[in-house]
Amino acid sequence: MQNKLTMNLWRKEAGPRVEGSQPLDISKVQAPCIVRNPSGGYRLFYTAIGPAKPYAACQGYILSAVSDDGLAFRKEPGIRLAPQPSLPHVSLRVLAPSVTPTDGDQWRMYFEARGPADSPTVICSAVSSDMLDWEMEDGIRLQGPGDTRGPRYLPLPGGGGRLYCCSSEPSKSGERASTNVISAVTSDGLRFEIEPGFRIRDNQSDYDNNGITAAEVIPPSVEGSPYTMVYSTWQDAPTGSVIPPHPSQDVDSTESGNSVDFAAASIASDMAGYRSRIFVARSTDGLEWGQGECVVDGAGYGADGIDAVHAEDMSVIKVSEGVYRMYYAACDKEGNWRVTSAITESSGE
């Protein structure tokens with residue numbers, strides 16, 4: 001029972017793990033991924049944007065920082081992975097990395113790729129031998145009829161793995177697109193087969209009526225205990241809210257390369273009345289999931305706290321037996337985005 005109990009009890013840790021402080025990330029920081037360094041300690045990958053972006057229309061890239069204790073991080077110079085203007089499906093932004101070792105002496109990163117505003121987001125991949133220099137792999141790993149976002153990779157005991165993603169169903173005229181968690185399996189890390197149905201659907205409560213953004217699955221700690229899914233949801237803005245268009249949906253500006261400040265416009269949309277929170281759900285097989293329970297929630301607009309308005313796009317790592325740390329993107333009442341963390345509390349059992 002320890003896995004179930006501790007995953008419901010999270011203690012927020014003081015301060016940011018990473019915040020904007022340099023020309024590459026000063027404008028916005030979000031969507032982390034935590035991994036262990038083979039040499040010891042941790043490496044945190046995160047999505048960022050700043051005035052030092054590699055070209056005018058670029059909307060974001062992936063950076064990294066390292067830590068000995070998982071709390072104090074030192075940023076590493078340079079960009080780990082950037083979009084490629086010559087490839088339409090990944091020409092504007094790369095974000096939300098998920099990193100896993102391969103069968104060889106390499107690492108593979110799955111990430112969300114964005115191109116022109118009128119084309120859906122897809123999941124692509126890159127490989128590296130040292131987690132510093134990454135080479136984008138040809139092709140698309142996963143693509144749906146709508147947007148496919150927020151990949152999280154889970155190695156499976158018999159080999160291969162399962163990729164959990166958030167998929168937007170194409171909206172009907174005048175209706176909001178639903179964004180649900182789906183999964184796909186692979187034997188080689190490159191070719192994926194989408195599994196039928198949804199793992200978790202949105203609109204289970206008022207807190208998730210604007211879709212799910214990421215879902216990470218932690219396998220059972222002992223035989224017979226459940227799989228645990230940690231996922232983040234968006235709550236729609238109140239009726240009557242004035243919602244500025246998100247710059248990623250501005251077809252004219254992204255095609256011309258003359259878009260307004262992407263980060264400022266994106267944050268203005270984030271702060272227009274939306275909220276995001278983090279939930280936990282459980283499953284006996286990793287496919288059928290029960291209803292989630294909110295475990296990380298900020299105090300709301302106008303309130304104090306690093307995650308007052310948004311808590312989302314988490315990445316979870318096992319620290320020690322029965323203890324897990326969650327890194328997540330957080331936004332305060334002023335619209336400042338950072339990466340912060342929470343750790344599982346002891347259940348006393």
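Structure above, values below:
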item: Pair list, Cβ < 6 Å and 6+ apart or interchain, from the range 173-186 residues that are more than 22 Å from residue 141 (Cβ to Cβ) to residues that are among the β-branched types (Val, Ile, Thr) and at pLDDT below 95; result: none
item: Residue list for the range 133-146, restricted to those being surrounded by fewer than 18 Cβ atoms within 10 Å (Cβ to Cβ), assigned to a loop (DSSP other than H, G, I, E, B) and modelled with pLDDT of 95 or more; result: 133, 137, 138, 139, 140
item: Filtered residues of the range 59-88 (kept if under 19 Å from the mean Cα position of the chain (by Cα) and within 24 Å of residue 118 (Cα to Cα)); result: 59, 60, 61, 62, 81, 82, 83
item: Pair list, Cβ < 6 Å and 6+ apart or interchain, from the range 133-145 residues that are among the polar types (S, T, N, Q) to residues that are crowded, with 20+ Cβ neighbours inside 10 Å; result: 143/122
item: Scope the range 147-164; condition outside any strand (DSSP E or B) and on the phi > 0 side of the Ramachandran plot; matching residues; result: 159, 160
item: Single condition residue 216 does not satisfy, out of (1) at pLDDT below 90; (2) in contact with a Phe, Trp or Tyr (Cβ under 8 Å, 6 or more places away or on another chain); result: (1)
item: Qualifying residues in the range 108-123 (those that are without any contact (Cβ under 8 Å) to a residue 60 or more places away in the chain and over 25 Å from residue 160 (Cβ atoms)) - the one surrounded by the most Cβ atoms within 10 Å (Cβ to Cβ); result: 115
item: Residue match in the range 124-132 (condition: buried (at least 19 other Cβ atoms within 10 Å of the Cβ), in contact with a Phe, Trp or Tyr (Cβ under 9 Å, 6 or more places away or on another chain) and closer than 28 Å to residue 320 by Cα); result: yes
item: Residue 147 over 22 Å from residue 281 (Cα atoms) and either of a type in the set (Ser, Thr, Tyr) or out of contact with any strand residue (DSSP E or B) (no Cβ under 7 Å at 6 or more places or on another chain) (or both); result: no
item: Cross-chain or 6+ apart pairs with Cβ under 9 Å, the range 205-216 first and free of Cβ contacts under 8 Å to residues at least 60 places away in the same chain and over 20 Å from residue 30 (Cα atoms), then surrounded by fewer than 20 Cβ atoms within 10 Å (Cβ to Cβ) and aromatic (Phe, Trp, Tyr); result: none
item: Every pair of residues 6+ apart whose Cβ atoms lie under 9 Å, when the first sits in the range 96-107 and is within 15 Å of residue 133 (Cα to Cα) while the second is of a type in the set (D, E, K, R) and surrounded by fewer than 14 Cβ atoms within 10 Å (Cβ to Cβ); result: 107/130
item: Condition check for residue 90: in contact with a Leu (Cβ under 8 Å, 6 or more places away or on another chain) and closer than 20 Å to residue 189 by Cβ; result: no
item: Checklist (1) of a type outside the set (Val, Ile, Thr); (2) surrounded by 18 or more Cβ atoms within 10 Å (Cβ to Cβ); (3) closer than 23 Å to residue 241 by Cα applied to residue 336, failing item; result: (2)
item: Identity of the residue in the range 196-225, among the acidic types (Asp, Glu) and crowded, with 16+ Cβ neighbours inside 10 Å, that ends up nearest to residue 144 (Cα to Cα); result: 202
item: When residues of the range 322-333 are limited to those that are small (Gly, Ala, Ser) and part of a strand (DSSP E or B), the one surrounded by the fewest Cβ atoms within 10 Å (Cβ to Cβ); result: 329
item: Some residue of the range 297-318 being among the aliphatic types (A, V, I, L, M), out of contact with any His (no Cβ under 8 Å at 6 or more places or on another chain), surrounded by fewer than 22 Cβ atoms within 10 Å (Cβ to Cβ) and within 20 Å of residue 203 (Cβ to Cβ); result: no
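Residue-by-condition table, conditions (1) hydroxyl-bearing (Ser, Thr, Tyr); (2) at positive phi:
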| residue | (1), (2) |
| --- | --- |
| 207 | yes, no |
| 243 | no, no |
| 268 | no, no |
| 277 | no, no |
| 282 | no, no |
| 298 | no, no |
| 305 | no, yes |
| 318 | no, no |
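The values are calculated or read from the model by the stated rules, or taken from the named source; none is laboratory data. What you see is a predicted model, and the numbers here were worked out from it, not measured in a lab. Glycine also receives a Cβ, built like all others from the backbone with ideal geometry; neighbour counts cover every protein chain displayed.
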